[in-house]
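Written below as structure tokens is the structure these notes are about.
The values are calculated or read from the model by the stated rules, or taken from the named source; none is laboratory data. In this text, all values refer to a predicted model and were calculated from it rather than measured experimentally. Methodologically, a virtual Cβ is constructed for each residue, glycine included, from the backbone with ideal geometry; neighbour enumeration extends over all protein chains shown.
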Amino acid sequence: MARTKPTARKKRRSGVGVLFIAGFGPIVPDPPASRRLYAETLAIRFEESNDYLHTDRLEGAKAFALWPLSQAAESCFGKATWPKRLPVPQAWLEFDVQDVDRATQALRDRGYQLLVASRKEPWGQTVTRLLSPEGLLVGVTHTPWLRGARTKTSS
């Protein structure tokens, strides 16, 4: 997703008043397939209650965005249209990891079809992307500006 300059802050509008993202997770039609990706491959430590896997031990979202499908397609495939042979994702979810290359290899070793593998984006993020069993566009990433390493660049 292209990084741009922040828009000028407007006065807070009256309304709901969102403070932060309190939770996010896919609705999983195939729990074993989702467990393989999130718990086994990505090694997220979950608590389990009646097949409901959950954790409050992951750091919170550092970004929330409305990413146009055309831009997601451009990032994954180099063109503005999503391939008809693949399900269109309804959301994206990125996990910043210690080592993108190692995470990429772990995904390959477990048979996941990667859309993008360890690619450095123009805005400085390194990313591997795949479609999850639920149809989310999932990324394993290294995002320097979210780690305090440097400021992001505009694209």
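Remarks
- Near pairs, Cβ below 6 angstrom, 6+ apart or cross-chain, from segment 33-47 (among the hydroxyl-bearing types (Ser, Thr, Tyr)) to any residue that is assigned to a loop (DSSP other than H, G, I, E, B): Ser34/Val28; Ser34/Pro133; Tyr38/Ile44; Thr41/Arg110
- From the list Glu134, Glu94, the one residue that fits, being assigned to a loop (DSSP other than H, G, I, E, B), within 22 Å of Arg35 (Cβ to Cβ) and charged (D, E, K, R), is Glu134.
- Yes/no for Lys11 being basic (Lys, Arg), at pLDDT below 90 and under 15 Å from the mean Cα position of the chain (by Cα): no
Residue by residue, here is whether (1) assigned to a loop (DSSP other than H, G, I, E, B); (2) of a type in the set (Gly, Ala, Ser) holds:
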{"site": "Ala73", "(1), (2)": "no, yes"}
{"site": "Ala80", "(1), (2)": "yes, yes"}
{"site": "Arg85", "(1), (2)": "yes, no"}
{"site": "Gln90", "(1), (2)": "yes, no"}
{"site": "Ala103", "(1), (2)": "no, yes"}
{"site": "Thr128", "(1), (2)": "no, no"}
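- Considering residues of segment 100-143 that are among the acidic types (Asp, Glu) and either crowded, with 19+ Cβ neighbours inside 10 Å or in contact (Cβ under 8 Å) with a residue 12 or more places away in the chain (or both) only, the residue nearest to Ala73 (Cα to Cα): Glu121
- Being of a type outside the set (Val, Ile, Thr) and touching a residue at least 40 places away in the same chain (Cβ under 8 Å) is a description that does not apply to Trp82.
- On inspection, Leu69 qualifies as closer than 26 Å to Gly23 by Cβ, free of Cβ contacts under 8 Å to residues at least 24 places away in the same chain and not acidic (Asp, Glu).
- Filter pass, Lys84 being modelled with pLDDT of 95 or more and not aliphatic (A, V, I, L, M): yes
- In segment 36-63, the qualifying residues are those that are of a type in the set (S, T, N, Q) and part of a loop (DSSP other than H, G, I, E, B), and the one that is surrounded by the most Cβ atoms within 10 Å (Cβ to Cβ) is Thr55.
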